[in-house]
Amino acid sequence: MAAKAKNSVWAFLASVQLALILIGLLASTSIIGTVVQQNKPPEHYVETWGKTGAAVIDALHLDNMYNSVWFLLMLGAFSLNLTVCSIDRLPGVIRQVRKDNLDNSPEQLLKMKLRHHAQVGGSVEDAAEQAAGWLGDKGWKTSRRSSEDGSILLFAQKGAWARYGVYVVHISILIILLGAVIGSPTVAKKILKNEQFAFKGGVMLPQTRATNRIFSHVDESEISLGFTVRCDFFDMHFYDNGMPKDYLSGLTVLEDGKEVLTTVIKVNKPLTYKGVTFYQSSYNDMHSPIIHLTNAATGKKMAFPVHPQQYDKTHSWQEEGGGQGMLRIQAAESIPLPDGKGSTTQMQIWMMDAQGPPSMFSIFYNQPVIIERPGAKYELSIGPHYATGLQVAKDPGVWWVYSGCALMLIGLYAAFFMSHRKMWVLIRREEDGQTEAVFAGTANKNSAGFAETFSALAENFGRKSN
Amino acid sequence: MITSSQLFGITTLAYLLSSAFYIGLLVFRQRKAGQIGLALALFGILAQTVGLGLRWRESYQLGIGHAPLTNMYESLLFFAWCTAIIYVLLEIKFKHPVIGSFAMPIPFITLAYTSVDKGLSKDISPLVPALQSNWLIAHVITCFIGYAAFAVAAGLGIMYLIKHFSQSGGSSDSSSGILPELRTLDDLIHKTIIFGFMWLSAGIITGAVWANEAWGTYWSWDPKETWSIITWFVYALTLHARFTRGWNGARIAWLALLGFVSVFFTYFGVNYWLSGLHSYGSN
Ligand code: HEM
């Protein structure tokens, strides 16, 4: 009784009926979250759906439904269904793949739809060798067994593993879901109690500033990176029509104060360091100027933020050869633009480096100039001070997800387009003393295609051996 | 010198005439009409291929070279092109030209729509940073091959249902007599869905990889993503219902239509209807 109850629960969990119900439910409820906007402030729901609507949305967590308990439970049930179904069916499939196909009786072969009888000369043994050679040449490697009545059975198959295709697809779905769990910030925080294991967050990093922590998207809490990242510069380029072309940030990674890595990231070209990935996602204007200085020979970029109240502070840097460079805004004044619309700022600069006397010159806001010094050449500009907006994520599950995806495509291909084809040849002596070769074959898919292959093989053999 | 948009005009006309001849085949049962329909379809595909190539080249002449796959207009062009090609391959492989009367109108209507909808920008515009990714190209190509196959499957589904209902209605001598056997249609629906499912899966996957490269999340349940997975579920359901529950015939034909409604919604509805709903909300 108990066993029977258990069996019926198992059968239900393994059933395709349950799968159809769950897939249907997942598909139909998913619609809700595309109509009700997700993760908006409560006012939004009252405004859009009225008081009652907003109450329903709140009660069913429709404002964050893909993370709600009921939706996750449905995904869990779906995973359980897939797991049980696979456990239930895999042994049978393995048996089918491993099956001893030389066991088949002549009666079984003679019942198969694809059959061809050919008369062959010579002994049974000769004919068997001939048939094995013929099939082998065509890529069908045969195994054989002789039986007591003097007949010989040959068997060859192709694509037996294609039977696993469906299961590869099903398991790949489980692997993807597992990857999603492994990479979930919520799981890391609430279950593993280790926020650093997996997180999604962001940080606004002004040029020249460094940070060793970022802010979680989940709850704004601080997450420590375990290393430091500095924004060397932020830059953007535009097309002639004004559309944005590029956003770039120069980033340097520091460990214990030492620079270990310097790189430039762009949208679609993130930086990954120790499993943490930095994405270019936005920027902010700090509403104060910054001095950019690039050594034209070495390409070394430097930047010095200007404090509006103390703009005439002296900035200094270390030369590669060992000397020191210095730069100062001596004076700044606002001057009207030639077209009379608005104004710009003109600044007097004092600058020196390891070689030669100091240089004095003037520069306009946001207009780069080239400075030739006796020992070096620089590009200098003074422009707006930006902060780069970085999305920062650590997702240790992503490789599970990607592997699952790759497996899914392989599995789908096998399940849809490969078939398990079997071919037998029974060679026996007929009552009239003639030797007969009986070809028989089956395929679990694309039977029309296999029928063609089969008849070409079998009929041509008959023709050839006559 | 002919321009890409002139070529698309010629293509539209070719698809229209092709559809007309295929419908002629359906109505008058003249084999010749089907052959002309196929020739016109092939000619249209050729003109469109050259047109797409030219548009690609034009983008390089503007100094912003990129494959013509980056906005609504270009995706519609590509969709029409895929649908026509998939249909022609289906005819070459399975030799049922009558299907053209249901399949070729799809690329025609798509192209006609691009010339009617004035809100559709046809400019070749440069790529904003988020779109500068090879994954995007892979994503668009795979998705739209999938969508095109599902469109053809829906056309087949309509044929199936017409034949099914006219047979059960007893009028055996209507034009449905020339339609392929129900069993054949059923098999073709299944085959095109399988083909589309493979590509849609690849499309969702490449989209996820692209999102992860650009924003650091492969899945964020935004309406477009969600609708693509809904579509994927609908077809997964169809495959299982058929494969393991033995559903076939009219039920699968209806599911092929439902699946295409979902495709349509993923493609258009999310852009037009859901944002529309959003704007009602703010009133
Ligand atoms: C949405 C997720 C799923 C996908 C993408 C999927 C994919 C597939 C594919 C591609 C096939 C082969 C169909 C054919 O050859 O026409 C298949 C068969 C099958 N699926 Fe799924 N499947 C999913 C979910 C499930 C679930 C939850 C179950 C749980 C019971 C299930 C049970 C089966 C069974 C029993 C078969 C037939 C296997 C055989 O006997 O060859 N599937 N599935």
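The values are calculated or read from the model by the stated rules, or taken from the named source; none is laboratory data. Only a predicted model underlies this, so the values are computations on that prediction, with no experimental measurement involved. Note that each Cβ is placed from the backbone with ideal geometry, even for glycine, and that neighbours are counted across all protein chains shown.
Tabulated data
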quantity	calculated
Residue within the stretch B:241-261 that is facing chain A (nearest Cβ under 8 Å) and not polar (S, T, N, Q) present	yes
Flag if A:Leu90 is outside the structural domain of A:Leu457 (by TED's automatic domain parsing) and surrounded by 14 or more Cβ atoms within 10 Å (Cβ to Cβ)	yes
Any strands (runs of 3 or more DSSP E) falling wholly within the stretch A:186-284 and containing at least 1 residues that are modelled with pLDDT under 90	A:222-238, A:244-255
Listing of strands (runs of 3 or more DSSP E) fully contained in the stretch A:303-382 that carry 1 or more residues being touching a residue at least 60 places away in the same chain (Cβ under 8 Å)	A:369-372
Residue within the stretch B:201-208 that is more than 24 Å from B:His96 (Cα to Cα), more than 16 Å from the ligand (Cβ to nearest atom) and modelled with pLDDT of 90 or more present	yes
A:Val124 out of contact with any helix residue (DSSP H, G or I) (no Cβ under 8 Å at 6 or more places or on another chain) and under 22 Å from A:Ala156 (Cα atoms)	yes
Residues that are β-branched (Val, Ile, Thr) and in contact with a Ser or Thr (Cβ under 9 Å, 6 or more places away or on another chain), drawn from the stretch B:129-165	B:Ile137, B:Val140, B:Ile141, B:Thr142, B:Val152, B:Ile162
Some residue of the stretch A:242-256 being loosely packed, with under 13 Cβ neighbours inside 10 Å, out of contact with any helix residue (DSSP H, G or I) (no Cβ under 9 Å at 6 or more places or on another chain) and within 14 Å of chain B (Cβ to nearest Cβ)	yes
Unique match (being charged (D, E, K, R) and under 30 Å from A:Ala376 (Cα atoms)) among A:Arg230, A:Arg213	A:Arg230
Residue selected from the stretch B:1-37 under the condition not charged (D, E, K, R) and not in a helix (DSSP H, G or I), by the criterion nearest to the chain's Cα centre (by Cα)	B:Thr3
Filtered residues of the stretch A:403-460 (kept if of a type in the set (Val, Ile, Thr) and not assigned by TED's automatic domain parsing to the domain that holds A:Ser151)	A:Ile410
Members of the stretch A:399-438 that are closer than 30 Å to A:Gln130 by Cβ, hydrophobic (A, V, I, L, M, F, W, C) and within 16 Å of the ligand (Cβ to nearest atom)	A:Met418
Count of the stretch A:399-440 residues which are of a type in the set (Gly, Ala, Ser) and touching a His at 6+ places or on another chain (Cβ under 9 Å)	3
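Conditions tested, residue by residue: (1) more than 16 Å from the ligand (Cβ to nearest atom); (2) touching a helix residue (DSSP H, G or I) at 6+ places or on another chain (Cβ under 8 Å); (3) of a type outside the set (D, E, K, R); (4) in contact (Cβ under 8 Å) with a residue 12 or more places away in the chain.
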site	(1), (2), (3), (4)
A:Phe78	no, yes, yes, yes
A:Asn81	no, yes, yes, yes
A:Val84	no, yes, yes, yes
A:Asp88	no, yes, no, yes
A:Asp103	yes, no, no, no
A:Gln108	yes, no, yes, no
A:Gly136	yes, no, yes, no
A:Gly139	yes, no, yes, yes
A:Ser147	yes, no, yes, no
